[in-house]
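The values are calculated or read from the model by the stated rules, or taken from the named source; none is laboratory data. All figures in this text were calculated on a predicted structure; none of them were measured in a lab. Cβ coordinates were reconstructed from backbone atoms using ideal geometry, including for glycine residues, and neighbour counts include every protein chain displayed. Side chains are part of the model used for accessible areas, which takes the heavy atoms of the whole protein and leaves out ligands, DNA and RNA. Shrake-Rupley method; radii C 1.70, N 1.55, O 1.52, S 1.80 Å.
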Amino acid sequence: MECIEAILTRRSCRKFKSQEVESEKIKTMLECAIFSPSPANKQPWDFIVATNPDYNHLLKEASDEAKKKLVERSGWKWMPKFKIDFITEAPVLIVVIGDPTRNGAEQFLDVPSQGYQQACSAAIQNMLLAAHSQGLSTLWLSLFEKSDVRRIFNISQDKDPIAIICVGYPDVIGDAPPRKGLETKVTYLD
Ligand SMILES: Cc1cc2nc3c(=O)[nH]c(=O)nc-3n(C[C@H](O)[C@H](O)[C@H](O)COP(=O)(O)O)c2cc1C
């Protein structure tokens, strides 16, 4: 699949088939992840690939708790009806773990930004696109307390569980949520 086509046609998937995912395809996703840019090439990421459904169930429990908080705190009317069963259905979970000590030049500036988070996000996007170009679908999940994910996946306190990527073959893929036009987002300075 051509790169721009992959970018424009990738969709978040919230309904996966139970079909097993080939480990070679997951490996390709991970190889694409580690070729992402990172500040000073610090490569501030680690990955856990979980295929034992016990992890899906534990994560679903944690996300249900997080969802309750969101319902209470956000006021988002659609939230109570938002189903998160895809967490139990996804055949593969990839936990993306950032290392907050591995930043680049930006850490020494007056207002330091957290380069490790930006690099992990780049790695995630590369994985999503690599999955899509191999016929897989993904969901970038952030609906969890980091403490729960540390407990479930045995991640130490000094590491930052950035996101969990649900991976599988798509059963249903929704339409692209609308985007605001470039004219509202871009300023050209000639
Ligand atoms: C940082 C981040 C966190 C996200 N967390 C969640 C999540 O917890 N649950 C979920 O269903 N989707 C999550 N998403 C997916 C977005 O809802 C989705 O990307 C957005 O609605 C646009 O749809 P598309 O991915 O199909 O283009 C997340 C996306 C990003 C970038």
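Here are the numbers for the structure shown:
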| quantity | calculated |
| --- | --- |
| Test for residue 63: is it assigned to a helix (DSSP H, G or I) and surrounded by 18 or more Cβ atoms within 10 Å (Cβ to Cβ) | yes |
| Hits in the range 157-181 - residues which are more than 16 Å from the ligand (Cβ to nearest atom) and free of Cβ contacts under 8 Å to residues at least 60 places away in the same chain | 157, 158 |
| Selection within the range 107-146 - in a helix (DSSP H, G or I), away from the ligand (no atom under 16 Å from the Cβ) and open to solvent by 10 Å² or more (accessible area, probe 1.4 Å) | 107, 108 |
| Selection from the range 2-41 of residues that are open to solvent by 90 Å² or more (accessible area, probe 1.4 Å), within 16 Å of the ligand (Cβ to nearest atom) and in a loop (DSSP other than H, G, I, E, B) | 14 |
| Residues satisfying the stated conditions in the range 151-169, i.e. surrounded by fewer than 17 Cβ atoms within 10 Å (Cβ to Cβ) and outside any loop (DSSP other than H, G, I, E, B) | 151 |
| Output for the range 52-69, where each listed residue is more than 13 Å from the ligand (Cβ to nearest atom) and either over 22 Å from residue 26 (Cα atoms) or among the aliphatic types (A, V, I, L, M) (or both) | 58, 61, 65, 68 |
| Residue list for the range 70-106, filter: within 14 Å of the ligand (Cβ to nearest atom), within 30 Å of residue 3 (Cβ to Cβ) and outside any strand (DSSP E or B) | 86, 87, 89, 90 |
